[in-house]
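The values are calculated or read from the model by the stated rules, or taken from the named source; none is laboratory data. Quick caveat, the model's predicted, so the values are computed rather than measured. Neighbour counts run over all protein chains shown; Cβ positions are idealised from the backbone, glycine included. Quick note on the areas: whole protein, heavy atoms, side chains included, nothing else; ligands and nucleic acids left out. Shrake-Rupley method; radii C 1.70, N 1.55, O 1.52, S 1.80 Å.
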Amino acid sequence: MKNKLFIYPYIALLTIVFGTVLTGCDDEEKEALVAPSIVIDRIVTTNSTELKIIFTPSGSTSNFKYAIGNETDRQAFINGSLSTTQSQDGNEKQTVTFSNLNEKEVYTIFATAYGDDGTQGPIASIKAETRKKIENFEVLRKYVTSSSAGFFFNSTSDYYKFEYALGRPGDKEIFEKGVIDGFSTKEDISTYTANYFDLHPNTDYVFFVRGYDRSSGLESDTQEIPFTTAASGTGPEVKFRTDYMDIYAGDYTFIPNEHCSKIVSFLSIKDEYEDVINNEMNWRGDLITMMETWERLNAGLTYSAIGSPLHVTYTTSKMLTPEVTNPYNYPLEAYSLLYDMDGEVYGIQRFDFSTPAYQDGMGEAKVDFKISNITDCGAFYEFTPNKYTMGVVFETFDAEWYEKLLQSDAYYDNYIRDYLYLNGYWNYCHKVTTSTMPERSAEPGKKYYVFYLPMNYNGPGEGWGKVKYEVYTTLEKEQ
């Protein structure tokens, strides 16, 4: 009896289920029972005066109506008296753009669907808020000279990205499309200075910039800062002269004109300070403040002069390291901070130049080498280079160590040359007739080899001369 009590309700349930399924097989009857309806969705837009709305009617819909207003307009929509009401035939999904709205305002969108027989479905609605247009940020003309210009933009933390470029009048459209030459972006910064060099004197330019809001993704209006570069010679300027240059060092002169009371300059390998100049944690393009600070701190990278030519010797020691495999025509740059006759900052000039090209037919580097003044702890080494010799690398080896090296598997034909290049002492020979170097770290009564390798003005590699050596023995220490 217990089992039957459970079986009978189960059979009854199956009967209900099958009855329901069989009833649902009549598609026409089922469709007639489904009232028309509509679903409303919003598409996120970056335009602060638009709302894009998707209307998706059900399959039983013949046509539908929609409108935009606010929540108090619901009854007017139901009554058919809301002025923004529009009709749409069919049951295809529709995307409608409501334009000319107020920014940062909440709207209500209404919709209702109708069947073939005029049956009206329920009123659907959705609230949507337009975005707030972001305000323009501060943009200042930092400086303009006859050949350069700098522009500073300053925003709040609401901005996360900037787009900017230097163009000519009428270039706004290609800037906003991102196809203007020199189009640049900076992200996650609040302030930045964009510097432009190699401009033409007495020429009209426009600086374009716009920002993007962090929370909404909206872009600001494009700001245009028109300017005209100064005519050549009408303001502070500097001429840059190369007095001497090889791949290792050079002598240069910065010559201010009569409008320039002071200059602060520095030289470097091209883009060597790119991260320092432009990095968010450093100067963010503010070259003026950077160079004034370097001068004040005597940072070792900056040279200054007041009212007279500035003579500078700059050594590019990086050129003699193995990572620079081709030191010829290697790009360098120099910057000068210019002050007017009132002692006020006027602007920045940049000069692009490069190391010399490879010199075909360069003579072989040779050095006359002498050892003198031998003591119990070393000696004096005297180098006399020929006219082709730019420098010489040398090293002192313990004779016992060197002679064991000759017998080992580690030794190869150019071992000493490579060792000198990587580890030897460098003696620069430009403007040198004879130089003397002391050795004071030797031990008493020991034999030593002094190896030396001269190099001509073509530098490492093609410019190497021959590896040579001299041998000497230190004196015994007096008792």
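Working note: Cα atoms of the range 368-479, range along each principal axis, descending, whole Å: 49, 38, 17.
Peptides 429-437, 405-413, 66-74, ordered by how many other C-beta atoms sit within 10 Å of their residues on average, highest first, read 66-74, 429-437, 405-413. Taking label positions 7 Å along the Cα-Cβ direction at both residue 341 and residue 200, the computed distance is 3.0 nm, reported to one decimal.
In degrees between 0 and 90, to the nearest 10, how far off the longest principal axis of the chain does helix 2-24 point, with axes built from Cα atoms? The angle comes out near 90 degrees.
Selection among 348, 266, 189 by position relative to the dipole of the chain gives 189 as farthest towards the positive end (Cβ unit charges, Cα centre).
Residue 283 contributes an accessible area of around 70 Å² to the protein surface, as traced by a 1.4 Å probe with all chains present.
Can you compute the charge dipole magnitude of the range 321-479 about its Cα centre, using +1 on each Lys and Arg Cβ and -1 on each Asp and Glu Cβ, nothing else charged? Give it in debye, rounded to the nearest 20.
On the way: 13 positive and 24 negative charges, 100 e Å.
Dipole magnitude for the range 321-479 comes out near 480 debye.
Counting only aspartates and glutamates at least 8 places from residue 65 when in the same chain, those with an alpha carbon closer than 18 Å to its own are 41, 73, 89, 92, 116, 117. Separation of the alpha carbons by more than 19 angstrom is noted, of 404/466; 142/172; 366/431; 104/133, for 404/466; 142/172. The C-alpha atoms of the chain occupy a region whose extents along the principal axes are 123, 84, 46 Å, arranged from largest to smallest. Compute the long axis of helix 287-297 from its Cα atoms, compare it with the longest principal axis of the Cα atoms of the chain, and write down the angle in degrees, 0 to 90, nearest 10. Helix 287-297 and the main axis of the chain meet at about 40 degrees. Rounded to the nearest 20 debye, the dipole size of the chain about its Cα centre is 540 debye, using +1 on the Cβ of Lys and Arg and -1 on the Cβ of Asp and Glu.
Computed per residue of the chain from DSSP H runs no shorter than four, each worth -39500 (n - 2.57), the mean residue ellipticity at 222 nm is -4500 deg cm²/dmol. Placing one equal scatterer on every Cα of the range 216-290 and applying the Debye formula, the log10 ratio I(q)/I(0) at q = 0.21, 0.22 Å⁻¹ is -1.17, -1.17. Each of 168, 141, 417 has its accessible area taken with a 1.4 Å probe; listed largest first, they run 141, 168, 417. I need the Debye-formula profile for the range 247-297: one equal scatterer per C-alpha, no solvent, reported as log10 I(q)/I(0) at q = 0.15, 0.17 1/Å, two decimals. Here the Debye-derived log intensity ratios amount to -0.56, -0.70. Here the range 138-270 is treated with +1 on each Lys and Arg Cβ and -1 on each Asp and Glu Cβ, and its dipole about the Cα centre works out to around 240 debye. Site pair residue 430 and residue 477 shows an inter-label distance of 4.3 nm when each label is modelled 7 Å from Cα along Cα→Cβ.
Binning the C-alpha pair distances of the range 111-190 at 10 Å intervals from 0 yields a P(r) profile of 13, 28, 23, 8, 11, 11, 4, 1 %, listed from the shortest bin outward.
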